[in-house]
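J.: Before I ask anything, here is the structure I am working with.
The values are calculated or read from the model by the stated rules, or taken from the named source; none is laboratory data. From a predicted model like this one, the values you see are computed outputs, not experimental measurements. No Cβ is skipped: glycine too gets one built from the backbone with ideal geometry, and neighbour counts run over all protein chains shown.
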Amino acid sequence: MTGTRAKTLLFLLLGGLLVGVGQILRARAGLELDPEAVQRWVATQGWFAPVAFTLLVAGRQFVLLPSALLLTAGGLLFGAFEGTLLGAMGLVGSAAFTFFLARGIGGERVRARLSKNFPTVDRYVESAGPWLVFATVAYPAGPMTAVFWAAGFSSVRIVPLLVAVAAGGLIRAASYSLFGATLLDFGSPTFWIAAVVLGAGLLLPLLHPGLRRCLLRPAAPPPSGEA
């Protein structure tokens, strides 16, 4: 077995191990698809609760819990401001975990082939990729995990990636944390304001005709090659 294949296998095993550990943690902690279940577990961590919550968000792809649920729980636990900060830090950690795992599995080889065979595409991805990451993370329903994996297999660099995730993560985390912080006052004017803000964040971008065309049109076939 070559060194490259051994490295790929090692990272695949690491990814599988992390998912396994995450599922054991989820089962033992009773982390169901419910913000209150997350709140109960984090509340048992005492002084370590903020760190535990941040690590939970950072490892959400291994625990298999959606960011919407966790970020909402952050607002419920810590309030809108602290929940936003902790949630955004967790999203940065999630991006870093996924990026380095993708690079270890084979991202470096894929990136080298992209740079060699499609240099124009490679340069475009390197420059525009962080902006796409920012937009995906900032949009409350953007597919973050898929984008983080794609970044790891592309020419996007780690520092611009994490800066984009931090900026977009603050927006996403604030949207859900504000909503989560009002759940204890369900039905109050503050709750409805937070719900409208979250709903507007989900729906208003879809009113842009260019974005709708981009989402609805069929994917273009990949380029056949470059000179």
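J.: Can you pull out the helices (runs of 4 or more DSSP H) entirely within the stretch 128-227 that have at least 2 residues that are out of contact with any Gly (no Cβ under 7 Å at 6 or more places or on another chain) and at pLDDT below 80? Even if it seems obvious, please write down each step before you answer.
T.: Details: elements: 144-152, 158-181, 189-203, 209-216.
Per the criteria, 189-203, 209-216.
J.: I'd like the full set of residues that are without any contact (Cβ under 8 Å) to a residue 12 or more places away in the chain and either in a loop (DSSP other than H, G, I, E, B) or touching a strand residue (DSSP E or B) at 6+ places or on another chain (Cβ under 9 Å) (or both), limited to the stretch 24-65.
T.: Selection gives Gly30, Glu32, Thr44, Gln45.
J.: Among the residues in the stretch 36-48, are any in contact with a Ser or Thr (Cβ under 9 Å, 6 or more places away or on another chain) and either surrounded by fewer than 18 Cβ atoms within 10 Å (Cβ to Cβ) or under 25 Å from Thr136 (Cα atoms) (or both)? Give the steps one after another, and end with the answer.
T.: Within the stretch 36-48, the first condition is being in contact with a Ser or Thr (Cβ under 9 Å, 6 or more places away or on another chain), and the residues that meet it are 38.
If we keep only those that are either surrounded by fewer than 18 Cβ atoms within 10 Å (Cβ to Cβ) or under 25 Å from Thr136 (Cα atoms) (or both) as well, we get 38.
Checked against the condition, which is being in contact with a Ser or Thr (Cβ under 9 Å, 6 or more places away or on another chain) and either surrounded by fewer than 18 Cβ atoms within 10 Å (Cβ to Cβ) or under 25 Å from Thr136 (Cα atoms) (or both), the stretch 36-48 yields at least one hit.
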